[in-house]
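Asker: Sending over a structure as structure tokens; questions will come in a sec.
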């Protein structure tokens, strides 16, 4: 069976995966881009936005694992758009005409709408379904390849709590946000289900990988 993978999921030292005050102008609220600066500086991160160059090394090696072997993505409503996007029939996501997913992508929302076909192989589908049901749909679309769980923190937390995540790469960024949406709430003793490895980067971030125990 295909695996469920989370990659490049950044949190602050105090466990927040996004800030407070999300809007169309501030997709991560008061956190700004601070949680993701490590990735945007890498060769992988710059290539995602069509720019040359970028750093190599530890951060890039982890970041580029985001792509291989993925056949579908699941994301929450908060990753697809700012609060209230469901009221805008023309909203098509943050990423322009060619989003960086290149697979069927399932957006979890209580207000589904017809699919949106984008350039580059991405089609957004909108589901009102609990994690296990959404995963079954995504797995069928993935055709034997893995399903990437894209976030945000509430969706990742729900899938972790349901025991549905096989590989989880979380990046601890050395900043303190103080407010926003936390990842770890309600996940007491999660580490007992996984083998956990830690790699520190010269940039100051720490990469933790959780691999489900057999």
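The values are calculated or read from the model by the stated rules, or taken from the named source; none is laboratory data. Remember, it's a predicted structure, so these values are computed and weren't measured experimentally. Positions of Cβ are generated from backbone atoms using ideal geometry, with glycine treated the same way; all protein chains shown enter the neighbour counts.
Asker: If you take the residues in the stretch 131-162 that are without any contact (Cβ under 8 Å) to a residue 60 or more places away in the chain and out of contact with any helix residue (DSSP H, G or I) (no Cβ under 8 Å at 6 or more places or on another chain), which one is farthest from residue 18 (Cα to Cα)?
Answerer: That would be 140.
Asker: On to the next question. Please specify each residue of the stretch 6-33 satisfying the condition of being touching a strand residue (DSSP E or B) at 6+ places or on another chain (Cβ under 7 Å) and on the phi < 0 side of the Ramachandran plot.
Answerer: If the condition is that a residue be touching a strand residue (DSSP E or B) at 6+ places or on another chain (Cβ under 7 Å) and on the phi < 0 side of the Ramachandran plot, then 6, 7, 9, 10, 11, 12, 13, 16, 17, 18, 28, 31 are the ones that fit.
Asker: Taking residue 185 as meeting all but one of (1) touching a strand residue (DSSP E or B) at 6+ places or on another chain (Cβ under 7 Å); (2) surrounded by fewer than 18 Cβ atoms within 10 Å (Cβ to Cβ), write down the number of the exception.
Answerer: Condition (1) is where residue 185 drops out.
Asker: Right, another one. Suppose we filter 104, 112 for residues that are free of Cβ contacts under 8 Å to residues at least 24 places away in the same chain, farther than 14 Å from residue 5 by Cβ and in contact with a strand residue (DSSP E or B) (Cβ under 7 Å, 6 or more places away or on another chain); which single one remains?
Answerer: 112
Asker: Just give me the residues in the stretch 161-213 being assigned to a strand (DSSP E or B) and either farther than 27 Å from residue 139 by Cβ or modelled with pLDDT under 95 (or both), in sequence order.
Answerer: 172, 173, 182, 198, 199, 200, 206
Asker: Hey, does the stretch 41-56 have a residue that's touching a helix residue (DSSP H, G or I) at 6+ places or on another chain (Cβ under 7 Å), closer than 18 Å to residue 155 by Cα and crowded, with 18+ Cβ neighbours inside 10 Å?
Answerer: No, the stretch 41-56 contains no residue that is touching a helix residue (DSSP H, G or I) at 6+ places or on another chain (Cβ under 7 Å), closer than 18 Å to residue 155 by Cα and crowded, with 18+ Cβ neighbours inside 10 Å.
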